[in-house]
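Single-structure report; data block below.
Nothing in this text is a laboratory measurement; each read-out follows from the coordinates by a stated rule. Please read all numbers here as calculations on a predicted model, not as lab measurements. We place every Cβ from the backbone using ideal geometry, glycine too, and count neighbours over all the protein chains shown.
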Amino acid sequence: MSLERVTVLAPATIANVGPGFDVFGLALGEPYDLVTVERRQGRGVKVRKVEGLGGKQVTLDPQRNTAAVAAAEVLELAKADFGLSVRIKKGVRPCSGMGSSGASAAGGAYAANLLLERPLPLEALVGCAAKGEEASSGTLHADNIAPSLLGGFTIILSYEPLEVVRVTPPPNLGIVASLPDIMVPTKEARGILPKQVDLKKMVFHVGHASALAVAMARGDLALISRSLKDEVIEPVRAPLVPHLKEAERAALKAGALSSFLGGSGPCVASLYDKDTSDGRPIAEAVQEVYRRQGIECAAWVTGWGEGCRRWEP
């Protein structure tokens, strides 16, 4: 017998991850969105409520709400004969660079799938959730929704057709996600990107991206650290995030293996070795940079996450 109502935990993510623009993604242990869907008579999806961190910024329009669009795509693909109502509790702030719209989209797709008589394979949900991202940002990209759905470290092998490779990161990979009180809309961050890339920089990115994928699979934190360099995207986006470079230097001085722009920003992502260090000093160092500038900065000291899953209080 199929479910009538279900709540799903959908984790935040760090996209791009250094040299992997629109390709790499990493699920976080926290924060996360909670997406609740419930069967209703008739067809279509309605958004009943959005609350939580930045919830007032999220539209209730089912044609533009990422969770609703993703859920509707699942129902259409499965040829379901029922509709859904959606409620979202945001734990991932919009315009954060931590996959806020992606988490809601992933949660909407995953939750809708749990209500089906014959659930779709998990891989099929990636395309459905990507449609939700497209409704929000204007472009179809899956580097946030893939890790939010599948967990771990994900690689978008191809967009046409959409194909994702999942890698289990090393268990001792610690992540500090620092979020200054600055807003960076994804559309704005994508709008300033270069249309062409120098061949030398392309070669640099291919080498570093390849090494990062190998390092994740091997569990080699030292190689992960050396591979997390970006000569194309972060330099262009850095002006959108005041004090970014100062924050990255502070994280490294406090013990981080590497520190870089999370997604489109303003998240400052820092990696550390859980076996040899504590991430709290890293978080405090980044927060102090912004505190001196009169800017509040939240921080999560966490690790990589397992992806969407059913949540029960």
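Assorted remarks:
- Rg [Å, one decimal], Dmax [Å, integer] - region 5-168, C-alpha atoms: 14.1, 46
- Structural descriptor for region 1-153: relative contact order 32 percent, calculated from alpha carbon pairs under 8 angstrom and at least 6 residues apart.
- Net charge dipole size for the chain [Lys, Arg +1 and Asp, Glu -1 on Cβ; Debye, nearest 20]: 520 debye
- Computed [θ] at 222 nm, helices only, for the chain once each DSSP H run of length n ≥ 4 contributes -39500 (n - 2.57): -11000 deg cm²/dmol
- Pairs from 195/229; 131/245; 46/131; 56/131; 89/253; 229/253 whose Cα-Cα separation, in the structure shown, is over 25 Å: 131/245; 89/253
- Per residue Cα convex hull volume in Å³ - calculated over region 139-221: 149 Å³
- Our Cα-only numbers for the chain put the radius of gyration and Dmax at 18.7, 57 Å.
- Taking every DSSP beta bridge that has both ends in region 5-168, the antiparallel portion is near 80%.
- With only the Cα atoms considered, region 156-313 has a convex hull volume of 155 Å³ per residue.
- Taking a span of 15 Å or more along the helix axis (Cα atoms) and a mean Kyte-Doolittle hydropathy of at least -1.0 as the rule, the DSSP H helices of the chain that qualify are 66-78, 100-114, 122-137, 199-218, 280-292.
- Ranked by how many other beta carbons lie within 10 Å on average, peptides 115-121, 238-244 from highest: 238-244, 115-121
- The magnitude of the dipole of region 92-191, with charges of +1 and -1 set on the Cβ of Lys/Arg and Asp/Glu and taken from the Cα centre, is near 140 debye.
- Residue of 154, 186, 59 that the Gaussian network model of the chain assigns the largest fluctuation, springs spanning Cα pairs under 10 Å: 59
- Extension gain, residue 203 back to residue 231 (0.36 nm per residue minus Cα-Cα distance, nm): 9.0 nm
- With a simple spin-label model that places each label point 7 Å from the Cα along the Cα-to-Cβ direction, the separation between residue 245 and residue 48 comes to 5.1 nm.
- Summed side-chain charge close to residue 309 - residues other than residue 309 whose Cβ falls under 14 Å, Lys, Arg +1, Asp, Glu -1: -3
- Fewest-first ranking of 300, 311, using other Cβ atoms within 10 Å as the exposure measure: 311, 300
- Nonlocal amide H pairs with residue 17, under 5 Å, H built at 1.01 Å: 263
- Comparing 195, 90, 56 in a Gaussian network model of the chain, where Cα atoms under 10 Å apart are tied by springs, the biggest mean-square fluctuation is seen for 195.
- Aspartates and glutamates whose Cα lies under 19 Å from that of residue 187, excluding same-chain neighbours fewer than 8 positions away: 22, 61, 133, 134, 143, 234
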